[in-house]
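Worksheet for the structure shown next.
Nothing in this text is a laboratory measurement; each read-out follows from the coordinates by a stated rule. Predicted, not measured: the structure shown is a model, and the values here were computed from it. Here the Cβ is made from the backbone with ideal geometry for all residues, glycine too, and neighbour counts use every protein chain on show.
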Amino acid sequence: MINILITAGPTREHLDDVRFLSNGSSGRMGCALAAAALAAGHATTLVLGPVEVTPPAGATVLPVVSALEMQAAATAAFAACDLCIAAAAVADWRPAVRAPGKPPRPAGPMTLDLVPNPDIVAGLAAQKGHRIVFGFALESAAAGMAAAIERGRDKLRRKQLDAVVVNLHDSIGAEAAEFVLCFPDGRTQALPRLDKRAVAERIVAAGVQLCRARAS
C-alpha cells in the first residue's frame, strides 16, 4: 500500500461574496482517480474543489474553494504521500481585491484587476524528493492531439514532473475521453477513448509502478 494524494475539480476565485471566476471542471476525473486508488488498496487523500459529484467513500476528502486554499491543503498533505496526481483545474488568475458583500452592477464597463495564482503542481514537484508527481495538461481540441502532446511534453520538462496526462478540453464534464501519458524518457502510453474510471485505473497503476521502481 502507498499513500496517494489527488487534487481534483475547479477552483473559484471570488470577485465578491457572490460572483466568482471559475471553469467547467466537474471533478469526475479526480474522483475516478480516487476511486481507482482505493480499489487498488491504497490510502487516498483527495483535495477537492467545489463540485457536485460525490467523492468515493474511504477517501480522506479535504474540501477547498480557491487556488490558495487548494495550495495550502495540497502542500500539507504532500509531506505524507508517495504519489501525487494533480488533476485539478486550478484557475490561472484571481481578482487582486475581493469586494465585500455584493456590490451593485455598474452602469458602464468595469475593469477587473487580476493577479496570477500559484502553480500548485510545479511547487509540489520542486520539493518532491523521492515522491512521484503526475500532472495533467488540458489542451485545445482545435489543434489536435499531436500538438497537445508537444505542449504536454513542454509542461513535463518545465515543471519537473514524472509524467503528464494529456487530454483535450472537450473532455471536461464528459463521461469518457482520450488521454495520453507522457514520460520524461520520451515514452508515451495512449489511453484510447474509455470511461474515466477505466482511464483512472491505468493512470494510478502507472504511478504506483513508478513509485515501486524508485523505491527498489
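Taking Cα centre as origin and charging only the Cβ of basic (Lys, Arg, +1) and acidic (Asp, Glu, -1) residues, the dipole magnitude of the chain rounds to 300 debye. Other residues whose C-beta falls under 12 angstrom from the C-beta of Val180 contribute a net charge of +2, scoring Lys and Arg +1 and Asp and Glu -1. Computed over the chain, the range of Cα coordinates on each principal axis works out to 62, 37, 31 Å, biggest value leading.
Legend: calculated FRET efficiency, Asp17 to Thr75, from the Cβ-Cβ distance at R0 = 30 Å, rounded to 0.05, equals 0.70. By the compact-protein rule of thumb, 2.2 N^0.38 Å, the alpha-carbon radius of gyration of region 55-142 corresponds to a ratio of 1.41. Span-like helix criteria (full DSSP H runs; alpha carbon extent of at least 20 Å along the helix axis; mean Kyte-Doolittle hydropathy of at least 0.0) are satisfied in the chain by 196-215.
Count the DSSP beta bridges whose two residues both fall in the chain, then state the antiparallel fraction as a percent rounded to the nearest 5. Please report the intermediate quantities before stating the final value.
Values: 15 of 40 bridges.
In the chain, DSSP labels about 40 percent of beta bridges as antiparallel.
Treating r as the C-beta distance of Ala213 and Thr60 and R0 as 25 Å, the FRET efficiency rounds to 0.45.
Asp113 to Ala146: FRET efficiency via 1/(1 + (r/R0)^6), r the Cβ-Cβ distance, R0 35 Å, to the nearest 0.05?
Working: r = 37 Å, r/R0 = 1.06.
E(calc), rounded to 0.05, equals 0.40.
Extension gain, Asp154 to Asp185: 0.36 nm times the residue separation minus the Cα-Cα distance gives 9.9 nm.
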